[in-house]
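Every read-out reported here was derived from the displayed coordinates using simple, explicitly stated rules and does not represent laboratory data. Everything quoted here is computed from the prediction, not taken from an experiment. Here the Cβ positions follow ideal geometry from the backbone for every residue, glycine too, while neighbour counts run over all protein chains shown.
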Amino acid sequence: MGLSTHVLDTAAGRPAAGIPVRLERGEPGRASWTVVTEGITDGDGRIAGLPLIAPGPWRLVFDTSGRSAFFPEVTIAFVVTDPAEHHHVPLLLAPFGYSTYRGS
């Protein structure tokens, strides 16, 4: 079905607009990654138009340098086993911490 993501600034209690995000696909059995698409979070902290994804390793790379001097980049790696399911991978960001989960 697809992939979606959003970034929430938990310190400010609102969406994080203007965060550059890169979607990369992994090469099974190799340490290399290929950039599939790039975007910037909108006013609601979301990226529109992420592509449908195939089974295998993927990662979202968030350029958080404008929000956290301690975490200038956050990488969330995940594996897709069923491309018919929707995969929502959000980032909850604070100046000195972050978390994520698989949403719906």
**Request:** Would you grab the residues whose amide H sits under 5 Å from the one on Val80? Only those 5+ places off in sequence or on another chain, please, with H modelled 1.01 Å from N.
**Result:** Gly56, Trp58
**Fill in**
Once phi for every residue in the stretch 27-37 is put through the Karplus expression 6.51 cos²θ - 1.76 cosθ + 1.60 (θ = phi - 60°), the whole-Hz ³J(HN,Hα) values, with Gly and Pro written as x, are 9, x, x, 10, 9, 9, 10, 10, 6, 9, 7
**Item:** Karplus-derived HN-Hα couplings along the stretch 72-83 (A = 6.51, B = -1.76, C = 1.60, θ = phi - 60°), whole Hz, x at Gly and Pro
**Value:** x, 8, 10, 10, 10, 9, 8, 10, 9, 9, 10, x
**Message:** Please compute the modelled spin-label separation between Arg30 and Arg59, points set 7 Å along Cα→Cβ, answer in nm with one decimal.
**Reply:** 1.5 nm
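Taking every DSSP beta bridge that has both residues in the chain, what percent is antiparallel when rounded to the nearest 5? Intermediate results must be reported in sequence, preceding the final value.
On the way: 28 of 34 bridges.
About 80 percent, rounded to the nearest 5.
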**Request:** Return the distance in nm (one decimal) between the two label points of a simple spin-label model at Ala94 and Val79, each offset 7 Å from Cα along Cα→Cβ.
**Result:** 3.0 nm
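In the stretch 2-100, what is the volume of the convex hull around the alpha carbon atoms, normalised per residue and reported in Å³? Show your work: numbers first, answer last.
Numbers: hull volume 9.1 nm³, N = 99.
Each residue corresponds to 92 Å³ of Cα convex hull volume.
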